[in-house]
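These notes are about the structure you will find just below.
Throughout, read-outs are computed from the coordinates displayed, never taken from laboratory work. Keep in mind that this is a model prediction, so the values were computed, not measured. Every residue, glycine among them, receives a Cβ derived from its backbone with ideal geometry; neighbour counts consider all protein chains shown.
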Amino acid sequence: MADTPESTLSQPSTMPPHSEHIVLLHGLSRTPRSMGALQRALQNERYTVHNLGYDSRHHPIPVLAEHVAREIGSRTAGATTVHMVTHSMGGILVRQMEATQPLATLGRVVMLSPPNHGSEVVDRIGHTWIFDQVNGPAGKQLGTAPESFVNQLGPVQFECGVITGDRSINWINSCMIPGPNDGKVSVERARVDGMSAFKVIHATHSFIMSNRKVIADVVSFLKTGEMKVS
């Protein structure tokens, strides 16, 4: 499930204060740098943006979610509304946070390529030493079995838009995944009950958050609750 690791950083916005804040959450084995294009685009829309980093490779999802929830609370104390844009496992952290310690000011959430019902890649190779070294305990929680962590979270209870891809640059992973997929997650397993919008883009898992059409859809959903018509 991992993408190429990057140096850790966490970038608060340098824009003037805005009552609507946006929190960006990267995916498994990534860093805030991977969300840089989204951060710049949202700052250009005059939002206050918090591009958070978290140690995705060394803790299970509940521990990560608790840490991220504390960080969000401290950074967005003055916000009237907090929207979130997530990539991959970042969306699972939001679902876990909302299941255990809901954010009173939560607005809209956009999930990019989320493994909402897991990934067959984890089913096939999640038991291996190399998978564990690269992805850690959280990665092992992203399987597709009915009893897996992600499949116990239930429907979302917030306004949520999901954008996922149907292009892959990892043919080995794609051979493990039935149907259209982005190299990590199938189109069908990105869906989640309760979502209010769903869109498939010709993009890969690793780079969907930098896709210009995706960024335009993110901005549109955060502002209106709807995505652009393709």
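Observations on the structure shown:
- Applying 1/(1 + (r/R0)^6) with R0 = 30 Å to the Cβ-Cβ distance of Ala104 and Phe198 gives a FRET efficiency near 0.70.
- At R0 = 25 Å, FRET efficiency that the Cβ-Cβ distance of Lys213 and Cys175 yields, to 0.05: 0.40
- Entry for the chain at q = 0.10, 0.12, 0.13 Å⁻¹: log10 I(q)/I(0) = -0.39, -0.57, -0.68, Debye formula applied to identical alpha-carbon scatterers, no solvent contribution.
- Going from the residue with the fewest nearby Cβ atoms within 10 Å to the one with the most, Met227, Met195, Met89 rank Met195, Met227, Met89.
- Net charge in the neighbourhood of Val85 (other residues with Cβ under 11 Å of its Cβ; Lys, Arg +1, Asp, Glu -1) is 0.
- Computed from backbone phi, the HN-Hα couplings of the range 149-161 come to 4, 5, 7, 9, 7, x, x, 7, 10, 10, 6, 9, x Hz, rounded to whole numbers (Karplus: 6.51 cos²θ - 1.76 cosθ + 1.60, θ = phi - 60°; Gly and Pro given as x).
- Loop-resident sites, the range 67-167, for GluC sites (Glu not before Pro), counting at most 14 other Cβ within 10 Å (DSSP): Glu147
- The mean sequence distance of close C-alpha pairs (under 8 Å, at least 6 residues apart), as a share of the length of the chain, puts its relative contact order at 19 percent.
- Under 15 Å, Cβ to Cβ, from His50 - net charge with Lys/Arg +1 and Asp/Glu -1: +2
- Only helical runs count toward this figure. For the chain, summing -39,500 (n - 2.57) over DSSP H runs of n ≥ 4 and dividing by all residues gives -9500 deg cm²/dmol at 222 nm.
- By the combined test of axial Cα extent (at least 20 Å) and Kyte-Doolittle hydropathy (mean at least 0.0), the qualifying DSSP H helices of the chain come to 61-75.
- Residue order, fewest to most beta carbons within 10 Å, for Ile92, Ile125: Ile125, Ile92
- Exceedance of the 25 Å cut-off in Cα-Cα distance is limited, within the set Lys140/Lys213; Lys184/Lys213; Lys140/Lys199, to Lys140/Lys213; Lys140/Lys199.
- Given charges at beta-carbon only (K, R positive; D, E negative), |dipole| of the chain in Debye: 500 debye
- Under 5 Å, built H, 5+ apart or other chain: amide partners of Ser186: Glu120
- Calculated FRET value between Asp55 and Glu188, using beta carbons and R₀ = 41 Å, to 0.05: 0.85
- Within the range 151-174: backbone nitrogen closer than 17 Å to the Ala145 label point (7 Å, Cα to C-beta): 151-153
- Between Asp166 and Lys223, the distance separating the two model label sites (each 7 Å from Cα on the Cα→Cβ line) works out to 2.7 nm.
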